[in-house]
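Participant: First the structure, which I've put down as structure tokens, then a few questions once you've had a look.
Just so it is clear, none of the values below were taken in a lab; they were calculated from the coordinates. These figures come from a predicted structure and were not determined experimentally. FYI the Cβ positions are ideal-geometry reconstructions off the backbone, even for glycines, and counts take in every protein chain you see.
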Amino acid sequence: MLAHSALRGRVQTVCIALVALVAVVTAMKLAKGLLAPVSLGLIVGIVAAPGMRLLARLGVPRAVSASISLVFVGALTMLLIAGLGPIVMDLIGQVPRIEDEIRWWVIDASRAIRGLESVQVELEQTLAEDGKEVEEAMPSLLDALSVAPNFAAQLLTFAGTFFFFTLTQNEIYATFKGMGTSLRQADKAVSHYFVTVTAINAGLGIAVFVAMTAIGLPNPILWGAAAFILNFVLYLGPVMLLVALGVAGFAEFNGAYALLPAVAYFLLNMTEAQFATPTLVGQRLQLNPLVVFLAILFGLWLWGPIGGIVSLPLLVWITAFMAHGPETTQPSETDFAPTQA
């Protein structure tokens, strides 16, 4: 009887936990407009923590260093947007040409298999209708203007979260008694991971640019930038770029040479994944591939692109924090210096 009651109690506990988990995830989904930029601001603040510590050692007041960090992040973001803008527009301009190539591939394959002229006509009509639907689905100027206020609000939320977190990080961590060093070790793990992976992805982007230039694929800067950005989204990003290079190769070249862009990128990506990342990042930050894959999928589903960006750093932070565990000693006063005006 007692065993049955204990089992029923465990089942009830599990059911309550599942209901609570569903409620929390639903709330996070509904609060995407607020929680996504806040999470991104916290992650960027954690990444910027080494720079803040350097400025503090140089005697710069924390309010000034937080302002400098915010200006630096804003300038870097604007530079990235300005640099990638023409590349993205170039990629959008190539979509109709790639669409035409795919259309003729499908038509030729259908004619070769069935030998029916009517199939070609039907496919042409269908693809033409699809093209009109795609054009109608493209956002108009009014759509962009309607989205602008929401984007501005999220940008302001991100900037405010980043500034005030970097300004009061010491005080925030001081409130968690006995966990100051663990929190800072987790922050260092995220900073180390992000900076190292950014350097690795930049090297991969340069290598892809050189390879595509040697192969003769048009717009090699586009493919190098895409390799740099998409490699932040583990597994999914490289697969997307591999497919895109395959389509571009068949659109530009004939015969077996058409496979060369995709094969070259595959070899470069495998070299980076098997040698560069494990050597430079270190085994202490190696995560289970299934957990990483599911975390990225969950982040993308939950908050879209921002969720895909913050999911992996957040997973690294949680893993590093759990590895160090709560401390048994109280934090020293030197670890948490008061905020300087």
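Participant: Modelling each spin label as a point 7 Å along the Cα-to-Cβ direction, I'd like the V71/Q12 distance in nm, to one decimal.
Facilitator: 6.1
Participant: For Cα pairs less than 8 Å apart in space and 6+ apart in sequence, what is the mean separation divided by the residue count of region 179-325, i.e. the relative contact order in percent?
Facilitator: After rounding, I find 31 percent.
Participant: Would you list E171, E252, E272 from fewest to most Cβ contacts within 10 Å? Please report the intermediate quantities before stating the final value.
Facilitator: On the way: E171 12, E252 16, E272 20.
With the sparsest Cβ surroundings first, the list reads E171, E252, E272.
Participant: Shifting gears a bit: So, R0 is 56 Å and r is the distance between the beta-carbons of I206 and A23; what FRET efficiency does that work out to, to 0.05? It would help to have the intermediate numbers written out before the result.
Facilitator: On the way: r = 46 Å, r/R0 = 0.83.
My answer for the efficiency is 0.75.
Participant: Here's something else I'd like to know. Provide W317, W303, W223 in ascending order of the number of other Cβ atoms located within 10 Å of each residue's Cβ, fewest first.
Facilitator: Starting with the residue having the fewest Cβ neighbours, the order is W317, W303, W223.
Participant: Further question: Which three semi-axes in whole Å describe the equivalent ellipsoid of region 179-325, each the square root of 5 times a Cα gyration tensor eigenvalue, listed largest first?
Facilitator: One finds semi-axes of 33, 15, 12 Å for region 179-325.
Participant: Classify region 1-51 as rounded, prolate or oblate, taking a ≥ b ≥ c as the square roots of the eigenvalues of its Cα gyration tensor: rounded when a/c is under 1.5, otherwise prolate if a/b is larger than b/c and oblate if not.
Facilitator: oblate
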